[in-house]
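The values are calculated or read from the model by the stated rules, or taken from the named source; none is laboratory data. No experiment lies behind these values; they were computed from the predicted model shown. Calculation scope for accessible area: heavy atoms of the full protein, side chains included, ligands and nucleic acids excluded. Shrake-Rupley method; radii C 1.70, N 1.55, O 1.52, S 1.80 Å.
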Amino acid sequence: MEDSEARWTADQVLALAPDAASRTAGARLAAPAPWSGTGATARAVWGLCAGSGSRPYQTVVDLSGPAFACSCPSRKFPCKHALGLLLLWSSGDGRPAAEGAAAPEWAEEWISARRKQAEAAPAAVSGPGQGPAAAGQDAARKRAERRAVRVEGGAAELEQRLTDLLRGGLAGSDRAGYQAWDEIAARMVDAQAPGLASRVRELGTVAVSGGDWPSRMLEETGLLHLLARGFLGRQRLPAPLAETVRTRVGFTVDSAEVLAGPLIRAQWLVLAQYDTADERLTTRRIWLYDGVAERFALVLSFGAAGRAPELTLPVGTVLDAEVAFHPAAVPLRAVLGTRYGTGLPERAPSGTAVGPALDSYGTALADDPWLDAWPVLLTDVVPLPGRDRWHLADAGTDAALPLLGTDHWRLAAISGGRPVTLFAEAGATGLRPLAGWTRASPRPIAL
């Protein structure tokens, strides 16, 4: 696919913003007045934005990434100037972002540097593994072996703690507070098992979640027990399941190592992108979809607490790109490799009815019981408000699923009471809608 000159929509641009404040500030800059020297090619958009200082900020966006650079002091990516410039560009005719203009020297230097970096990356990945590199691999192997021993100790201790919990009964756990759970989680951190620590903390919140918390706590305790036992007996598991257990416990695989494996080149539609954050990390989840193979890929990007991850992709664009999946019983998480171009979808993807979607979720859970969310692409479904929560009704059957959250009026506006196509994450308690399609456009609308 060749590079496309198609402009993004304002929704696609705003979906890149790291937070609501950046969206508001970027929208204020989407006017010609503060801008000068603007221009665009099929690959990049640039411009000078007047600020409070004597020199205007130099802003440039690589559309093939996308990637952003700005001389302003903001630590957000993209900053408000990049968002404003993209909004100005997306608004089309009558704006000063002139197509075909030559890039100024400061913009061309940055674009050329990115191009050289992209060309050099594959050579670095496929370089010879000898000398210092081989020594580094040997040291890494020994560190991994020492860590595995520590994690085994943590998993065995966790087993004993869970046994004590169930022997004493769950009654009273809702009044015991978080201290005991925090203590166990700290022990798992010491054992270098962050995945176990995270699940222990979540278990502590179940006890105070109200409703039928004992049932949910028993379920989560069972899953945690299964994970600890799985790690202790991982040598007897099938290789894909053993990799899934390692990942859930907290072991990571370097992206370069994943990209050295099989690569799948396809036209990947960017379905959704959103961030979650805790006190240590901001995690960006980007869902891709290959409509030919009907295959999903989840790309994760991380940033320090309070900072947006660097990787961002406009929802609704189509990437001609290579993707490599992490080894797992249910291959879902992926690393984005070489990108050859971008474009726009020609039609909305075909989804399934609610029944087959639930069947696929059940099959995935059988292979990976610790799966937090499963992607579903549904067609001919209607959002319906209820007294306590929203539901999603299948227009062709009497099936319906609860929606997570309380505000789904944007989805209702897209639907207008008629069946729509919807992308969502399926979980144990309902669906989280992430993108929808109107009948008038093949581009998804972020929800």
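Brief remarks follow.
- Excluding ligands, DNA and RNA, the accessible surface per residue across segment 271-384 is 41 Å² with a 1.4 Å probe.
- Relative counts (whole %) of C-alpha pair distances in segment 329-376, using bins that are 5 Å wide: 5, 15, 19, 16, 19, 14, 12, 2
- Taking the convex hull of Cα positions in segment 137-229, its mean projected area over all directions (nm²): 5.9 nm²
- Overall size of segment 187-271 from C-alpha positions, given as principal axis extents largest first: 47, 36, 25 Å.
- Eligible lysines near Lys116 by straight Cα distance, threshold 17 Å, same-chain separation 8 or greater: none
- Rounded tilt (10° steps) of 194-206 against the dominant C-alpha axis of the chain: 80 degrees
- Bins of 5 Å, starting at 0 and running to the largest distance - Cα pair percent for segment 403-447: 5, 24, 31, 25, 11, 3, 1
- Remark on the chain: ratio of C-alpha radius of gyration to 2.2 N^0.38 Å is 1.08.
- Rg to Rh quotient for segment 180-328, alpha carbon positions, Kirkwood Rh: 1.01
- Put simply, the convex hull of the Cα atoms in segment 297-447 casts, on average, a shadow of 10.6 nm².
- Nearest-10 value in Å² for the accessible area of Glu219, using the 1.4 Å probe: 110 Å²
- Principal-axis tilt of helix 80-90 within the chain, Cα atoms, nearest 10 degrees: 60 degrees
- Fraction of accessible area attributable to carbon and sulfur, the chain (%, probe 1.4 Å): 53 percent
- For segment 273-368, the fraction of C-alpha pairs farther apart than 18 angstrom is 57 percent.
- Gyration tensor verdict on segment 358-446 (Cα atoms; rounded if a/c is under 1.5, prolate if a/b is larger than b/c, oblate otherwise): prolate
- Relative pair counts by distance (%), Cα atoms of segment 253-313, 5 Å bins: 4, 16, 21, 21, 21, 10, 5, 1
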